[in-house]
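Before any comments, here is the structure.
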2 protein chains.
Amino acid sequence: ACVQAPSAEGGCSPGCRDVSYDAWCGVAHGCTRKLGMKICGFLQKNNNLEEKISSFKERSSKDLLDNSDRDSRFRRTETDFSNLFARDLLPAKNGEEPTMQFLLEVVDILTNYVRKTFDRSTKVLDFHHPHQLLEGMEGFNLELSDQPESLEQILVDCRDTLKYGVRTGHPRFFNQLSTGLDIIGLAGEWLTSTANTNMFTYEIAPVFVLMEQLTLKKMREIIGWPDGEGDGIFSPGGAISNMYSVMTARYKFFPDVKTKGMTAAHRLVLFTSEHVSLIHHYSIKKASAALGFGTENLILLSTDERGRVIPADLEAKVIDAKARGCVPMFVNATAGSTVYGAFDPIHEIADIWLICDTFSWRAKGAWGGGLLMSRKHRHKLSGVERANSVTWNPHKMMGVPLQCSAILVRERGVLSGCNSMCAGYLFQPDKQYDVSYDTGDKAIQCGRHVDIFKFWLMWKAKGTIGFEHHIDKCLDLSHYLYTKIRDREGYQMVFEGEPQHTNVCFWYLPPGIRDMPDGQERRDRLHKVAPKIKALMMESGTTMVGYQPQGDKVNFFRMVISNPAATRSDIDFLTDEIERLGHDL
Amino acid sequence: ACVQAPSAEGGCSPGCRDVSYDAWCGVAHGCTRKLGMKICGFLQKNNNLEEKISSFKERSSKDLLDNSDRDSRFRRTETDFSNLFARDLLPAKNGEEPTMQFLLEVVDILTNYVRKTFDRSTKVLDFHHPHQLLEGMEGFNLELSDQPESLEQILVDCRDTLKYGVRTGHPRFFNQLSTGLDIIGLAGEWLTSTANTNMFTYEIAPVFVLMEQLTLKKMREIIGWPDGEGDGIFSPGGAISNMYSVMTARYKFFPDVKTKGMTAAHRLVLFTSEHVSLIHHYSIKKASAALGFGTENLILLSTDERGRVIPADLEAKVIDAKARGCVPMFVNATAGSTVYGAFDPIHEIADIWLICDTFSWRAKGAWGGGLLMSRKHRHKLSGVERANSVTWNPHKMMGVPLQCSAILVRERGVLSGCNSMCAGYLFQPDKQYDVSYDTGDKAIQCGRHVDIFKFWLMWKAKGTIGFEHHIDKCLDLSHYLYTKIRDREGYQMVFEGEPQHTNVCFWYLPPGIRDMPDGQERRDRLHKVAPKIKALMMESGTTMVGYQPQGDKVNFFRMVISNPAATRSDIDFLTDEIERLGHDL
């Protein structure tokens, strides 16, 4: 049997003596060099003979070749990557062929992974503890060395990296706000990596810069700002978008802070919901610390039982802050909180903010922003058009691959005024094109990853109605879960009433707890149930869902649905699994 | 001829009546369903008959089939994507086959692009003005609509996006600090997109979190910190890494700022090089504004003719600042400035900083960090081990695809102390694994893109020596350029002496300027030369190189070499092109 790698000059191994194989290769070469090489590669790498033969027998009776010929044809080892190294790939001389072989081999690994991701018979994850992975799993060694590894080892490493990871696109992965694996988005991200450029000037990213501009305008139109006017930028994530939001508000009302620092503006205070474990607070709190406000100057607002800010509390706290000599500068209204999925009452917050004669305010829709695409659900963000800026993360509810987060600003000029440092070497006014398209000067970053293309491509491929359909479907599914468990034995809802978003928060009570009298002992036991079930889930790898405590509420499950692959059967599977794993706790 | 798409059930088009084709497909199916489908797809989409036949005739004389059979076999149209939409792809029922077909079609587009990227006979770019692209190019319409587009259109959009973009990996693209297209890095990024997860917890990114930890440790060892101790994190870019650096310094010495804001620490000042157009200044200045110091509290240090900070100037300015009641908190030493490639004298800066009894300081190697991998060149960063933190961007000199930037911190605990907000819902202490591996609480971000894998994979594939070789080669090439043009007629160097990094800064003087007396008129004319040549370069698409003014120096070219594909012939091409385009200016 022929075991040599294809020669670098092109074509199959010169050592091949098998006529049938050569003939096939010849025919393959007839498909143009590129195609032929691909087919050749596929023919060569097949060494899993039995599976092929049985599959062949089932499927085809019109063989061109008799079985023995076919056997020898397929009795090829894989392309021998064990003698190939990174240095043999492009731009190396004669590197084109090994490069194509290598990339196609990687694609084979990736498409297999994609296939398995959507296959409910595969696990969501194959859990190992950190020390296990660090000690090395069956030849998967994470340590880096001075000498290069062969491409064969690199391919093994790719397979192992996926093997020991988590299939975030699996229909039963519900662990995060960002779930699912969108195929168009994936293709878009592959292209983005291949283009490998940077958003800071039109010069080096002409198409992407224009796509960003048009997409941001479209998003502003959907928010409801007249003619989609305003500004915006894609940032590396919701936390950075929120940081932009606070910075633009500060620049708008206290531009001197840019040059003189925070001492130029006395006792500025910010407001956000008290839900201490909510992501919006978390990021606004990080921004308060980073930007020099101080976390003590972030004032927390009381919420109702459903997790929504109480407008009267905002009013009282603004009045109080002013009485103490503080200057209210910013209020964050959350559109879709992380744990409860709560939407703050934007209109009421805006009204109070105006009456109080304070400065800026905003709404944030990192998790809930996607609902703007749904005619059925966008009323939950009613009033969003009154915000000065909006954070909108397409990488959450809209299923765009990570990272994809936008900050949208209603007033033009504030974003660039806030961040512009006039770096001449980047943004030369003597360029031959209209430099107003260069974006670098309005970012806090210099180099900036291309996050727009996958989103633009998904929008093209699905249309606005495609996103709407996805969002409506996710909310329908969460309604299904809610109605299923609301009155089901062993379940207790964390808050009353239909959830506003896809967040369904609940306790599962094992039979042994159900009849216990309310009290500390019951609470203590219940507190341990969700972590235990989660640990068992991860060990068995069947599904994943998040949990957390919230204020005085002990650990509960937070189910969120943003995964386009999820169906009612997966919801049923989740509850069955919780009951199976939790029954004896 | 058969023009139908493969049926969703698998296999080739049921409408195919061509026996040879069917037979081929049958054999292809014999290679297991997956493989067979691929081969089938390739067979089907070939409609470029002439090329195939001639290629076939040249290469193979052992046909299994006679020519007429082969002709009809290859007379297939492409898989018909015009009736397929995003909704037909996974997770749709029967979506596996169209998904694989679509992804392979995308890969075909991408591998073609990769091939052309390294082909010197292709253009670096096909320049169009913004208004041209916005008006729509031959069916390439950037506008988004409510209704979905067919997958055929999506594939056309992918091709067009690449067509009108810039080949940043082309051997003659020298425009940025980040150039080149590393095949291993590309494969790594494709895998990262496919895994589509988030760095914030071990739970959802076990392998990537560990890779980050091990790689950061290795980088700290290379910096020279004992046993690689310390902390660090990958951030979305050098500007954000520098922001982390300033934040950690502030937290270390003025921890109250985190809670009380900048008013808790009076008149903190920062120091950096005066090179106003340098990226390090640009990002440090942006950090000064964003973090609440104010740009006026960033004190600029004088540099020598080569662009290096003058230590005595630092000493004088620190003494002066203290006399004015300011508190020096941070000095930025640049290791590889953006325009000149200058390395500040780290030891001397550190000595002064200690003597002055001030607080924190750092070295930054965003552009020059890669030189630490070279035994020949790492002396240029001598003293870097005395820094409190180091910014190191593998996406620059080391050729890692964008984005990949690390901030490394010498002291453990500062990074997490600075950014921790204890968000319980993310970092539950009752998880079943060692939660010290969760990284989210030390980031200013919450969600964080996986930037580590491509870098880890490249390190595995090349070894430390592979990076060293790349860096030495780039510096050799820049030495070649420098020695070539140093004494060449029509060139003038911007600063004397061998460049420290790969930055070669020079003016090209067209013959009409060479004999002009020094004076304003000559300056004015020379100032316009580089922009004009650059514009002509972009119009002709042959090569790209940056230019900018610097202080009182009129526009000059800044050549940087980080592209692994570049050779001496490309350097020669660049100078020839500059002379060709600039001769008559």
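The values are calculated or read from the model by the stated rules, or taken from the named source; none is laboratory data. These numbers come from a predicted model, not from an experiment. Cβ sites come from the backbone with ideal geometry, for glycine too, and all protein chains shown count toward neighbours. Please note that ligands, DNA and RNA were not included when accessible areas were found on the heavy atoms of the full protein model with its side chains. Shrake-Rupley method; radii C 1.70, N 1.55, O 1.52, S 1.80 Å.
When the pairs B:Lys380/B:Lys473; A:Lys218/A:Lys252; A:Lys93/B:Lys376; A:Lys252/A:Lys396; A:Lys376/A:Lys473; B:Lys217/B:Lys442 are compared against a 18 Å limit on Cα-Cα distance, A:Lys218/A:Lys252; A:Lys93/B:Lys376; A:Lys252/A:Lys396 fall above it.
Note on A:Glu296: accessible area is roughly 110 Å² with a 1.4 Å probe, heavy atoms of protein only. Measuring only protein heavy atoms, the 1.4 Å probe finds B:Cys404 accessible over about 0 Å².
Near the amide H of A:Leu268, within less than 5 Å, lie the amide hydrogens of A:Val327, all on another chain or at least 5 residues away, with H placed in the peptide plane. With 26 Å as the limit, the listed pairs A:Lys528/B:Lys258; A:Lys285/A:Lys534; A:Lys484/A:Lys528 have A:Lys528/B:Lys258; A:Lys285/A:Lys534 beyond it between alpha carbons. If R0 is taken as 60 Å, the Cβ-Cβ distance between A:Arg115 and A:Arg412 corresponds to a FRET efficiency of 0.80. Note on exposure: A:Arg386, A:Arg523 ranked by accessible area (1.4 Å probe, complete protein assembly) read A:Arg523, A:Arg386, with the most exposed listed first. Peptide A:537-550 shows a mean partner chain C-beta count of 2 within 10 Å per residue C-beta.
Work out the FRET efficiency for A:His583 and A:Lys123 from their Cβ-Cβ distance, taking R0 = 22 Å, and round it to the nearest 0.05. For A:His583 and A:Lys123, the calculated efficiency is 0.55.
Rounded to the nearest whole Hz, the Karplus-based 3J(HN,Hα) values (6.51 cos²θ - 1.76 cosθ + 1.60, θ = phi - 60°) of segment A:469-474 follow the sequence 4, 4, 5, 4, 5, 5, with x at glycine and proline.
Estimated at the nearest 10 Å², the accessible area of A:Arg378 is 80 Å² with a 1.4 Å probe. Tell me, how many Å apart are the Cα centres for segment A:372-419 and for segment A:99-138? A separation of 34 Å, based on Cα centres. Cα centroid separation, segment B:195-220 to segment B:275-350: 33 Å. Placing a label point 7 Å from the Cα of B:Glu138 along the Cα-to-Cβ direction, the distances to the matching points in the other copies come to 5.0 nm, shortest first. Mean sequence separation of contacting Cα pairs (under 8 Å, at least six apart), scaled by the length of segment A:205-459, corresponds to a relative contact order of 24 percent. Applying 1/(1 + (r/R0)^6) with r as the Cβ-Cβ distance of B:Lys553 and B:Tyr480 and R0 = 25 angstrom yields a FRET efficiency of 0.55.
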